[in-house]
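J.: Structure below; questions to follow.
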Amino acid sequence: MRRLTVWIACLTVAMLTMALVLATAAHAQEGTKTMALAGDWTGVMRASDGVDLRIFLHVTGAAATLDIPDQGAFGVPVSEPQRTGDTVSFQVPSLGAGWRGTLSADGASLTGGLTQGIEVPLTFTRYSTERPQTPEPPFPYRAEEVAFESAPGVRLAGALTLPQGKGPFPAAVMIVGSGQHDRDETIFGHKPFAVIADALTRRGVAVLRLDSRGKDGSGGDFLKATTHDFADDTAAAVAFLRARPDIAPRHVGLIGHSEGGMIGPMVAAQDPKIAFVVMLAGPGVPFRELMPAQRAALGKAMGVAPQVTAANEAVVGRAEAATIGARDSADAQARIRAALADLHLPPAVVERVVRPVASPGYLSMLADDGRSNLAKLRMPVLALVGSKDLQVPAAQNIPALKADLKDDPKATVMELPNLNHLFQDADKGLVSEYALSTQTVSPKAMELVADWVVAHSKG
């Protein structure tokens, strides 16, 4: 398993929480034997360094993919699963690995092992994809498909939910976190923005949520977009709402999650007429300081040896530092390759570091110091961080947020116990736990946010 261990460690180096979305497996003809395997499976594999990795297998007819969320790997292609009797096998070409095992009589488990030179036990069991908090019609409010221009060639699409009546209503613009998301910020079947929008609209607040650039109904090139482009999209959304007769223009606020919690203050710092800002796991430190703390927290929770974490950080930290002053993505890539040259890493490993770190979006976050935006805010602000958030660690960010917002008498900063980055009740806070939880948003967190927004959305 040495090659797999190296691959895992190096992907940890590159970006523990950035989605590395790989090409999906080609479709094949479905058969009755593979249909019995269709569904979602999960298992835990212990790598040779003693780290337990949660792995998810998704089978749709004859097509399949693997996710290793704690390593930021999603959609890893898997060959068409083969079944002879109760014996099942599949290949993972990108890892040079294969899995072979036995389907249980009740169809609920796959017992076997992953082979890559040696065999490591890896048993899959079906897991619940139930998401009981996802809103279902009929709704006691209206939902309207909307679209508007944000920038030349960028037309954003989304959904606006409106309370019953003529209004004008207070409103909130939802801002998704890092990565390309749909309007509901869907992750592992959870739709947290749909849950939040439903709760707020039921209580009289209109909510606009949008597809990211290049996602579903929205245009534009997501891969070339920066945090500042997303801030422009948010400002355009605010302008769109303010121009509607059914929205109270002086009562439009922002609710951002993760990177969206950075973008909200960025927009509000330039627009003092924003009615309120909610930061859900928005950082209080610059991105350059956040990422080392994030990687350390994730590594510790995963059981990665401290020396491995330190070695990984030496590589990524050097890569990030090399981007300072880079003119553009191409310049950043060249700088990173030069900075890593004396480490004599395999070329494939270097590229796994270079591509995410030198992407326009990541570079823009590395260059931004959000503290200056927070210091300018003088409107109601609610900043929440979960105590088990490993991506925006509370120990680092709660004190920073309090310091950043100290001159805003209308700001509230709170650490919420036992909640992860998605504000789910959590065990360790690992990304892999997001999928296993049937809870989309903690009811206590949801009630807190809804009460605060209702209280502050009408001035």
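The values are calculated or read from the model by the stated rules, or taken from the named source; none is laboratory data. Keep in mind the model is a prediction, meaning the values are calculated, not measured. Note that each Cβ is placed from the backbone with ideal geometry, even for glycine, and that neighbours are counted across all protein chains shown.
J.: May I ask you to say which residue of 49, 40 is acidic (Asp, Glu), more than 16 Å from residue 436 (Cβ to Cβ) and touching a residue at least 24 places away in the same chain (Cβ under 8 Å)?
T.: Details: 40 fails: more than 16 Å from residue 436 (Cβ to Cβ).
Result: 49 is the single residue among 49, 40 that is acidic (Asp, Glu), more than 16 Å from residue 436 (Cβ to Cβ) and touching a residue at least 24 places away in the same chain (Cβ under 8 Å).
J.: Which one of 128, 94 is at pLDDT below 95, in a loop (DSSP other than H, G, I, E, B), within 30 Å of residue 191 (Cβ to Cβ) and under 26 Å from the mean Cα position of the chain (by Cα)? Spell out the reasoning first.
T.: On the way: 94 fails: in a loop (DSSP other than H, G, I, E, B).
When all the criteria are applied, what remains is 128.
J.: Within the stretch 197-228, take every residue that is part of a loop (DSSP other than H, G, I, E, B) and of a type in the set (S, T, N, Q) and give me the one that is nearest to residue 244 (Cα to Cα). Spell out how you get there, then give the answer.
T.: Just the residues of the stretch 197-228 that are part of a loop (DSSP other than H, G, I, E, B), to begin with: 203-205, 211-221, 225-226.
Subset that is of a type in the set (S, T, N, Q): 212, 218, 226.
Values: 212: 22, 218: 20, 226: 28 Å.
Among those that are part of a loop (DSSP other than H, G, I, E, B) and of a type in the set (S, T, N, Q), it is 218.
J.: Testing residue 274 on (1) in contact with a Leu (Cβ under 7 Å, 6 or more places away or on another chain); (2) assigned to a helix (DSSP H, G or I); (3) not acidic (Asp, Glu), one condition comes back false. Which one is that?
T.: Checking residue 274 against (1) in contact with a Leu (Cβ under 7 Å, 6 or more places away or on another chain); (2) assigned to a helix (DSSP H, G or I); (3) not acidic (Asp, Glu), the one that fails is (2).
J.: Looking for something at pLDDT 95 or above and of a type outside the set (A, V, I, L, M, F, W, C) - is there at least one such residue anywhere in the stretch 334-349?
T.: Yes, there is a match, as at least one residue in the stretch 334-349 is at pLDDT 95 or above and of a type outside the set (A, V, I, L, M, F, W, C).
J.: Which ones in the stretch 383-399 are surrounded by fewer than 22 Cβ atoms within 10 Å (Cβ to Cβ) and touching a residue at least 60 places away in the same chain (Cβ under 8 Å)? Break it down into steps so the answer makes sense when it comes.
T.: If we filter the stretch 383-399 for residues that are surrounded by fewer than 22 Cβ atoms within 10 Å (Cβ to Cβ), which is where we start, we get 387, 395-396, 398-399.
Passing the criteria: 396, 398, 399.
J.: Additional query: Enumerate the pairs (first residue in the stretch 414-431 and within 15 Å of residue 294 (Cα to Cα) and part of a loop (DSSP other than H, G, I, E, B); second residue anywhere and of a type in the set (S, T, N, Q) and modelled with pLDDT under 95) with beta-carbon separation below 8 Å, excluding pairs fewer than 6 apart on the same chain, so at least 6 apart or on different chains.
T.: Sorted first by the residue in the stretch 414-431, then by its partner, the pairs are 431/17.
J.: Now, a different point. Would you pick out the residues in the stretch 325-381 that are part of a helix (DSSP H, G or I) and acidic (Asp, Glu)? Write out each step before concluding.
T.: Initial filter on the stretch 325-381 (part of a helix (DSSP H, G or I)): 329-343, 347-357, 360-367, 371-376.
Of everything in the stretch 325-381, those that are part of a helix (DSSP H, G or I) and acidic (Asp, Glu) turn out to be 331, 342, 351.
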